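Enquirer: Mind looking over this structure? Questions follow.
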Amino acid sequence: MFSLNSKIFLYITVLAAVVFSGGCLKPSVQKQAPTLLKTEISEIKELQAEVDRFARVASMRAKMYLNFEDNSFAQFGSKEVYRRADGEVVVQRPANIFLKVQVPVIKSDVAQMTSDGEKFRVAILQDGGSGKYKKFVMGTNNADYTKLQAGLDAANGDTVSATQVNAFANLRPQHFTDAMLVRPIDTNNLYTHSTIFQIEETETEKKSSPLRKVTRGYYLLDEFVRGADGSTTISRRFWFDRVGKIRLARQQIFDAKGEISSDIVYGLEGELSSTGEYKNLPLEITVTRPQEKYSMKLKYQVPEEVAIGQTYPATAFVLQNTWELEVLDLDKKLQELNAARPANTNQNIAFRVR
């Protein structure tokens, strides 16, 4: 004897079979969907261990290929792509970096820049021939020069040359330290992990290939910093590719407002140096700075010649103006700008009172 619930279930099953397979609803067109790739399983401790494995690299010296993209015109659906340049980079924990950008083949310097973790210095040595924009730029890593930059842009004029130079001048050496020297897991912070699936398209695959468009699974490892008032703010987000194996594929770094300051993508893995101690590390790194509207791809020229673990003096990360370029002290300019504003405001008020 069937119960009432059993009869209802049987009725629904029969109805579904009739509707969906008996001719009422038949698939008229078979469409290709993104291929769902098989994913691996991992615990949060394993993800944290992978971050710490990257953090084993405490210093590095390498020759790179550099590709710079100016995304200032992204809102119009376009961007400026610059020719590939040669680069030499020295990085050392906690946040020291020296970066030299050169014209390929003739090896003449386009720019040199350093950061000691607190201050940065950038020498713009080539500007397309006019010499007008050759500067020795100095500033503070954590300072906000947004308002000052707007004034400098207006002073330089709205020309293509000025726009290109300003885009390149926004490139800061400290933007690459966290990309190349991943900070280790901090037990004082909070960490959570979750999963996400993304539809991705690989342009190198044929359009007819089932791997042209795929659904790829990722683990997200989020890092939260505790504030003095008990609040928590997101600091970093790590993306781990779960296909084939667990691989650190991306790192996003957030500012105090929760906005993405750096979006770092790690490419094809390989071995760095010839010691055999640094395997399965990225051979390509792409750093995108949404707020400065540029991205830079760094690729090791000869991975086995990368020097890891050496110690460099502090003076190596403080660039000197040996070219006697015109000095542009951004901190001084910002201070002058802020000091001038109250005076102008008072003058305007006095004028209106009269």
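The values are calculated or read from the model by the stated rules, or taken from the named source; none is laboratory data. A quick note: this is a predicted structure, and the numbers were derived from the prediction, not measured. Note that we place each Cβ from the backbone using ideal geometry, even for glycine, and neighbour counts take in every protein chain shown.
Enquirer: Please go through the stretch 250-278 and pick out each residue that is surrounded by fewer than 20 Cβ atoms within 10 Å (Cβ to Cβ) and within 16 Å of ILE196 (Cα to Cα).
Expert: ARG250, GLN252
Enquirer: Pull up the stretch 1-58, narrow it to residues that are basic (Lys, Arg) and at pLDDT 70 or above, then point me to the one that is surrounded by the fewest Cβ atoms within 10 Å (Cβ to Cβ). Walk me through how you get there before you give the answer.
Expert: In the first step, residues of the stretch 1-58 are kept if they are basic (Lys, Arg); the result is 7, 26, 31, 38, 45, 53, 56.
Filter once more, keeping what is at pLDDT 70 or above: 31, 38, 45, 53, 56.
Numbers: LYS31: 5, LYS38: 8, LYS45: 11, ARG53: 16, ARG56: 13.
Taking the candidates together, the pick is LYS31.
Enquirer: Can you tell me which residue in the stretch 200-223 is nearest to LEU36 (Cα to Cα), limited to those that are touching a Lys or Arg at 6+ places or on another chain (Cβ under 9 Å) and at pLDDT 95 or above?
Expert: Looking at the filtered set, the residue picked out is ARG216.
Enquirer: Of the residues that sit in the stretch 144-157 and are surrounded by fewer than 17 Cβ atoms within 10 Å (Cβ to Cβ) and in a loop (DSSP other than H, G, I, E, B), which one is modelled with the highest pLDDT?
Expert: My answer is ASP144.
Enquirer: Another question, then. Mind counting the residues in the stretch 224-241 that are among the charged types (D, E, K, R) and either modelled with pLDDT of 95 or more or within 30 Å of LYS31 (Cα to Cα) (or both)?
Expert: Number of matching residues: 3.
Enquirer: Residues to consider are VAL91, VAL103; find the one that is exposed (fewer than 15 other Cβ atoms within 10 Å of the Cβ) and either under 23 Å from ALA55 (Cβ atoms) or in contact (Cβ under 8 Å) with a residue 12 or more places away in the chain (or both).
Expert: Details: VAL91 fails: exposed (fewer than 15 other Cβ atoms within 10 Å of the Cβ).
Criteria check complete, one pass: VAL103.
Enquirer: Over 19 Å from PHE54 (Cα atoms) and at pLDDT 95 or above: which single residue out of GLN291, GLN301, GLN310, GLN252 fits that description?
Expert: Testing whether each residue is over 19 Å from PHE54 (Cα atoms) and at pLDDT 95 or above leaves just GLN301.
Enquirer: Starting from the stretch 332-345, take each residue that is surrounded by 10 or more Cβ atoms within 10 Å (Cβ to Cβ) and list its partners that are at pLDDT below 70 and in a helix (DSSP H, G or I), counting only C-beta distances under 9 angstrom and pairs at least six apart or across chains.
Expert: LYS333/GLY151; LYS333/LEU152; LEU337/GLY151
Enquirer: Can you tell me which residues in the stretch 224-258 are more than 20 Å from LEU37 (Cα to Cα) and outside any strand (DSSP E or B)?
Expert: GLY227, ALA228, ASP229, GLY230, SER231, ASP255, ALA256, LYS257, GLY258, listed by residue number.
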